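What follows is a short report on a single structure.
The values are calculated or read from the model by the stated rules, or taken from the named source; none is laboratory data. Because the structure is predicted, anything quoted here is derived from the model rather than measured. Here the Cβ positions follow ideal geometry from the backbone for every residue, glycine too, while neighbour counts run over all protein chains shown. For the accessible areas, the whole protein counts, side chains as well, though only heavy atoms, and no ligand, DNA or RNA atoms are used. Shrake-Rupley method; radii C 1.70, N 1.55, O 1.52, S 1.80 Å.
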Amino acid sequence: MLAKTHSYFAMSSSSALMLATNILDNEADITGKLLIATSITLGSYACSNLPDIDKKIPIIKHRTWTHTIWSILLIYAITAYHYINPIFLNPLNDFLLHYFLIGSLIGYVSHIAVDAFSPQSVPLIYPILKNIRLPFPALYTVGKMKSGTKIWKQISIILIIGGLIKCLIW
């Protein structure tokens, strides 16, 4: 999948999760809801292509360490640690960073989830089992699905608008 398609899929995933859960319901005012939604969406966008950083690091083979459960657990641990130990003196900054990190986790996981449906799949528990891939059917081939980016862009726009409507109505 192309980088921008991963980004659109991540923003669609984060928007869908915000619509499906009560994460925005904890804030009483519209400003708080919009700040949460923006932080989560930006976090998912920012980390949607982070698993492919291994393409830029010559000593790491693509779709090994960065496409495993271990990398997901590391992002989760950073998010959980920040929740327990805020790093800013300003509570608003910690509040926004916390939701940004939640979005980052969503973006990272969405990337790996989508890659699991490619013919190459992902070695989720690498290096314990290096050659075992997830048994999902291949739904796309990298570079062959030209309309994929356009479809996910449209879906992400619809879901983001739905999230904004939820913020305004609820």
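The table for this structure:
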{"read-out": "Between 0 and 90°, nearest 10: helix 30-47 axis offset from the chain longest Cα axis", "value": "20"}
{"read-out": "Per residue, in Å², the accessible surface of the chain once ligands and nucleic acids are set aside, probe 1.4 Å", "value": "58"}
{"read-out": "Relative contact order for the chain, counting Cα pairs under 8 Å that sit 6 or more residues apart, in percent", "value": "37"}
{"read-out": "Max mean-square fluctuation residue, GNM over the chain, Cα-Cα springs under 10 Å, options Ser14, Ser104, Ser156", "value": "Ser156"}
{"read-out": "Descending semi-axes in whole angstrom, ellipsoid equivalent of the chain, from the Cα gyration tensor", "value": "29, 21, 12"}
{"read-out": "Where only C-alpha atoms are counted, convex hull volume of region 36-106 per residue in Å³", "value": "89"}
{"read-out": "Choice from Ile112, Ile125, Ile84 with maximal GNM fluctuation in the chain (Cα, 10 Å cutoff)", "value": "Ile84"}
{"read-out": "Entries of Lys55/Lys153; Lys33/Lys56; Lys4/Lys55; Lys4/Lys61; Lys55/Lys130 with Cα pairs more than 27 Å apart", "value": "Lys33/Lys56"}
{"read-out": "Loop trypsin sites (Lys or Arg not before Pro), region 1-104 (other Cβ atoms within 10 Å of the site Cβ: 10 or fewer; DSSP)", "value": "Lys56"}
{"read-out": "Nearest 10 degrees, 0 to 90: helix 146-169 Cα axis against the chain principal axis", "value": "20"}
{"read-out": "Peptides 48-54, 115-121 ordered by average Cβ neighbours within 10 Å, highest first", "value": "48-54, 115-121"}
{"read-out": "Gaussian network model of the chain, springs between alpha carbon atoms under 10 Å - residue of Ile87, Ile36, Ile57 with greatest fluctuation", "value": "Ile57"}
